[in-house]
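Visitor: First the structure, which I've put down as structure tokens, then a few questions once you've had a look.
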Amino acid sequence: MKFVELLTNRDFLMGLLAAVSVAAIVFTFGAQFTDRSAMRNRIKRVALERERMRAEEMARLRAMSESKGSIRGNTESKSYMKAVVEKFSLQKAFADENTMESLQRAGYRGRGPLTTYLFMRFVTPFVLFGLSLLYLVLIQLEGQPFFMVFAYAMGIGIVGSYLPVILLKNRIGKRQQSIRRAWSDCLDLLLLCVESGMSIEHAFKRVAKEIGEQSIALAEELTLTTAELSFLEDRTRAYENLGRRTGLDGVRSVMTALIQSDKYGTSVGQALRVMAEEGRENRMIEAEKKAGALPPKLTVPLILFFLPVLFIVIMAPAAIKILGPGGTLAGG
């Protein structure tokens, strides 16, 4: 009875409600501080994860550069190359604003390849001129006048001055072709990674490891993008750098979609899905173009090689029968 009276007591109920209110207020403010502490811990973990990814990518880039250096030779230019380039101011003569970008598209990064490229553009005409002059004088045009031989050698040297440019364009074309072939599969892998819950940094990192078997150039570019996403403050710069380094319209369009998605907060997975479908359609269109261009390309080989053999096979038995020992012409 006393407990019932206590529950029905007005002062007790007012005190109980006041205690509950105070507890609710304290819990509310305490929960905010707890959430902030948890958020700080989460942000700290994310920052540590980004630093770990940055360290891993930088170590991987160093290993890749060392392996490439062992295959292609040291990418750093020699001291005599630097001396020649600085002495004759070759950068002003042969380099423009697109030279460094072209070297990056070819896979050569840093000041060393630029110095080597400028040195080769300066030295190649003289080397070809000397070799061609020696060959024409001693072997090929021994009895010709010297001024004609000199003019021929001069022409070869002038043409040879564009040899480094041609080789660089050839290197860029092969690299872009490798990236273009693997880009559609790369988009599909990125879409799978993002829709499975990975962040865009982890998606690029994972796809870079998987796509290396199909295209080493694309794996290298994705690795650089992963490193830039890890330490650059603005992701837009990393996306723009990837599109600029590859020089492909398909890559630029995907990077533009990712930039817009990051800027306006839209779904990255949806953007990648649309671009992946467009990439598959473009690849199918390219395959149809190649299939449609195949019959005209086969016309000349068919006329030159297949039809004569076919006529010989068809007409040879009849000719042998007519012109043979028991034939009409032979008997007559």
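Visitor: Going by a ≥ b ≥ c, the root eigenvalues of the Cα gyration tensor, does segment 235-313 fall in the rounded group (a/c under 1.5), the prolate group (a/b larger than b/c) or the oblate group?
Guide: Since a/c reaches 1.5 and a/b is larger than b/c, the shape of segment 235-313 is classed as prolate.
Visitor: Just round it to a whole percent: the fraction of Cα-Cα distances in segment 79-173 exceeding 15 Å.
Guide: Details: 2882 of 4465 pairs.
Considering segment 79-173, 65 percent of its Cα-Cα pairs are separated by more than 15 Å.
Visitor: Using θ = phi - 60° and the Karplus relation 6.51 cos²θ - 1.76 cosθ + 1.60, list the HN-Hα couplings for segment 161-167 in order, rounded to whole Hz, with x at every Gly or Pro.
Guide: Once θ is set to phi - 60°, the couplings for segment 161-167 become 5, 9, 4, x, 5, 5, 5 Hz.
Visitor: Report relative contact order for segment 79-173 in percent, whole number only (criteria: Cα-Cα under 8 Å, sequence separation at least 6).
Guide: Across segment 79-173, relative contact order equals 34 percent.
Visitor: Would you mind calculating the gained length between S21 and N98 on full extension (0.36 nm times residue separation, minus the Cα-Cα distance), in nm to one decimal?
Guide: Result for the pair: 20.7 nm of gain on full extension.
Visitor: What percent does the relative contact order of segment 178-290 come to when contacts are Cα pairs within less than 8 Å and at least six residues apart?
Guide: With pairs under 8 Å counted, the relative contact order is 27 percent.
Visitor: Given segment 178-290, what whole percent of its Cα pairs are spread farther than 21 Å?
Guide: Considering segment 178-290, 29 percent of its Cα-Cα pairs are separated by more than 21 Å.
Visitor: Treat the count of other C-beta atoms within 10 Å as a stand-in for reagent exposure and order C186, C193 from fewest to most.
Guide: Listing C186, C193 from fewest to most nearby Cβ atoms yields C193, C186.
Read-outs: derived from the displayed coordinates by stated rules, not from any lab. No experiment lies behind these values; they were computed from the predicted model shown. Note that we place each Cβ from the backbone using ideal geometry, even for glycine, and neighbour counts take in every protein chain shown.
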